[in-house]
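Data first, discussion second: the structure below is written as structure tokens.
The values are calculated or read from the model by the stated rules, or taken from the named source; none is laboratory data. Since the structure is predicted, the reported quantities are computational estimates derived from the model, not experimental observations. Using ideal geometry, Cβ is built from the backbone for each residue, glycine included, and neighbour counts are taken over all protein chains shown.
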Amino acid sequence: MDTLIGRQTEILGDVRFSGGLHVDGKIKGKVIANSDKAASLSVSDTGLVEGDVRVPNIVLNGAVTGDVHATEKITLAAKARVNGNVYYKIIEMEGGATVNGQLVHEGEAGRAPAALTQKPADDSVDQLSEARRAKGL
């Protein structure tokens, strides 16, 4: 880890970093990794982030209030708590971890696969209408 935010430390404002960041304290603001695909964030069970997180690799055992974007991998340990959506490419989740939001898998291009985003045609309504017409209803 390149940077440590200690247990008694509270940061007000966005944090931009490269390399590794470990949070034992509190951040009130966004946490964003600079253009470093190997950048990693770890939040201990005493750590708290109140804001969105955009980091390629995340190990979370603390709390995040905001959306979490892990462009590579996220590990949610047993004490992890997320109040927001989790966007991920690879996810590992231990028993006890909680997410109060949606889990959204993102494909290689950073968005959901086309098969998941396209609305399927609903033929059941047409079939029901045909059945009713056939019975004279």
Practice item. Sort out which residues of region 1-18 are out of contact with any Phe, Trp or Tyr (no Cβ under 8 Å at 6 or more places or on another chain), farther than 17 Å from N61 by Cα and assigned to a loop (DSSP other than H, G, I, E, B), and write them in order of number. Key: Q8, T9, G13, D14, S18
Revision key, fill the gap. By residue number, the members of region 38-84 that are within 17 Å of M1 (Cβ to Cβ) and not in a strand (DSSP E or B) are A38, A39, S44, D45, T46, G47, V55, P56, N61, G62, A77
Practice item. Identify, from the list K30, K73, K89, K37, the residue that is modelled with pLDDT under 95, on the phi < 0 side of the Ramachandran plot and charged (D, E, K, R). Key: K37
Check your understanding: Quick one: in region 15-63, which of the residues that are of a type in the set (S, T, Y) and within 17 Å of the chain's Cα centre (by Cα) is surrounded by the fewest Cβ atoms within 10 Å (Cβ to Cβ)?
Key -> S44
Practice item. Tell me, please, whether a residue that is in contact (Cβ under 8 Å) with a residue 24 or more places away in the chain, acidic (D, E) and in a loop (DSSP other than H, G, I, E, B) can be found in region 19-35. Key: no
